[in-house]
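Beneath this line is the structure, given in structure tokens, with notes to follow.
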Amino acid sequence: MASNASSNALKIIFTAMAFSLGFAEFVLIGIVPDVAESLGEPVTRIGDIVGFYALACAVATPVLALLGGRLGQKRLALVLLCVFDAANLLVFFADTYPVLLASRMGAACTSGTLLAIILALAPDVVGRDRAGSLVALVLAGFSVSSVVGVPLGTLLSDAFMWKAAYVAVFICGLISSVLLTATFPKKEAGASVGEPQTSTTSQVRILTDRRVILNALMILATAAGTYVFYTYLTPVLEGVMGFSTAATSVVLLLVGAACIASNIVSGKIADNGGIPKLPLVFGAQMVALALLFVTPSLGLIGVANILALGLVMYAMNSSVQMVFQDVAREDYPAAVTFSASLHPMTFNAGIAVGSFIGGAVVNSAGLEATGLVGAVVAGCALALCLILKRVLAKNDSHAGASVPTEMMEA
């Protein structure tokens, strides 16, 4: 575990890097109409880039995380940081849809693995007892990009041009990359548990664990449910609720603040119960999404409804991340880094699924129907959570029963 001074510095740098990763991914949500107009493309085609980004991240993250187990985290991180920054710079030269898409895919392929490396280091930086809170802080940094990044991108796009938003993304990413490179921990994640082997087979074995499968599917479902609606938040605010660009930026700022609170709550949940507390979270998510079928036409009530969704949006983050980490450290020590990649991988897969469903809903039933469809998808997360809760309880009871037996045999 790092000293207090170095661990505090790493907390700040980890959080800043997470912010940069989130800023790069989500800034498009606030400028979809401007990008569509500039490139002469339909709004839904630009909105689909959110899904493509998430899909590329979901596919690349586990593959690159496996390489991290073989090549070393620091070496892999340095390469990924260079690609991430170069891809963000390329957006400034994107005057056509294919170039924009290519630049976003380049950044997407690095994002999830960089976040996974940071999350995997958490228990070694602050210790297992406080790891949930550090995970929450890092993921809050990811969400702060919604508070500052998305509204800032909207304002920059309105004041200058949409590419100005990506100049800000590049600057933030470059600064964070330099700081992370300069302070990367010498002791890589998993060293404390002595990874016995780093072969691909020894790492992917964790994917056969029922706890991991259920946890991953639950994350995918909750992310998909939210992003059926959230991908088209700006068009809803401007097109359905009639807000100006300035008013939309204010609402996006408030939503981002709610997301920060959601991540803080996630740390408290992880440190005080974890998964058994999440059915309430997913139930609240379903209600908030379902109500969005009617509340956008009710002015401030609609805004309050959107903020309520933001409050539950990330409340599961720390708990689900610690499930992956605990299972790996206890039963699959060779897969510590790989296990940390499963959260960003499955969450981004959920974003991709949700945004594509959202696009289909918008084209067939309009923006107003996205919340209701999202609620149905979120219901799957609730069902999976109830199953996972029982599986974890059963596993804990078996583990507890084995302790007296082992002591007697000794």
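The values are calculated or read from the model by the stated rules, or taken from the named source; none is laboratory data. The structure presented is a predicted model; accordingly, all values stated were derived computationally and were not measured. All Cβ positions, even for glycine, are placed from backbone atoms using ideal geometry, and neighbour counts span all protein chains on display.
Summed over the range 201-236, the residues that are under 16 Å from residue 390 (Cα atoms) and among the polar types (S, T, N, Q) give a count of 1. From the list 70, 45, 130, the one residue that fits, being modelled with pLDDT of 85 or more, of a type in the set (D, E, K, R) and over 21 Å from residue 167 (Cβ atoms), is 45.
Evaluated against (1) closer than 14 Å to residue 216 by Cβ; (2) in contact with an Asp or Glu (Cβ under 9 Å, 6 or more places away or on another chain); (3) surrounded by fewer than 24 Cβ atoms within 10 Å (Cβ to Cβ), residue 348 falls short on exactly one condition, (3).
Within the range 278-295, at least one residue is free of Cβ contacts under 8 Å to residues at least 40 places away in the same chain, outside any helix (DSSP H, G or I) and over 16 Å from the mean Cα position of the chain (by Cα). The residues on offer are 284, 288, 224, and the sole one that is surrounded by fewer than 21 Cβ atoms within 10 Å (Cβ to Cβ) and among the small types (Gly, Ala, Ser) is 284. Residues in the range 218-245 that are part of a helix (DSSP H, G or I) and without any contact (Cβ under 8 Å) to a residue 12 or more places away in the chain: 0 in all.
With the structure loaded, tell me whether residue 65 is crowded, with 23+ Cβ neighbours inside 10 Å, outside any loop (DSSP other than H, G, I, E, B) and touching a residue at least 40 places away in the same chain (Cβ under 8 Å) or whether it fails that test. Answer is yes for this residue. Report yes if residue 250 is more than 30 Å from residue 214 (Cα to Cα) and crowded, with 20+ Cβ neighbours inside 10 Å, otherwise no. Against the criterion (more than 30 Å from residue 214 (Cα to Cα) and crowded, with 20+ Cβ neighbours inside 10 Å), residue 250 does not qualify. Taken over the range 48-58, the residue count meeting the criterion of being touching a Leu at 6+ places or on another chain (Cβ under 8 Å) and modelled with pLDDT under 85 is 1. Of the conditions (1) surrounded by fewer than 23 Cβ atoms within 10 Å (Cβ to Cβ); (2) out of contact with any Pro (no Cβ under 8 Å at 6 or more places or on another chain), residue 302 clears all except one; give me its number. That leaves (2) as the condition not met.
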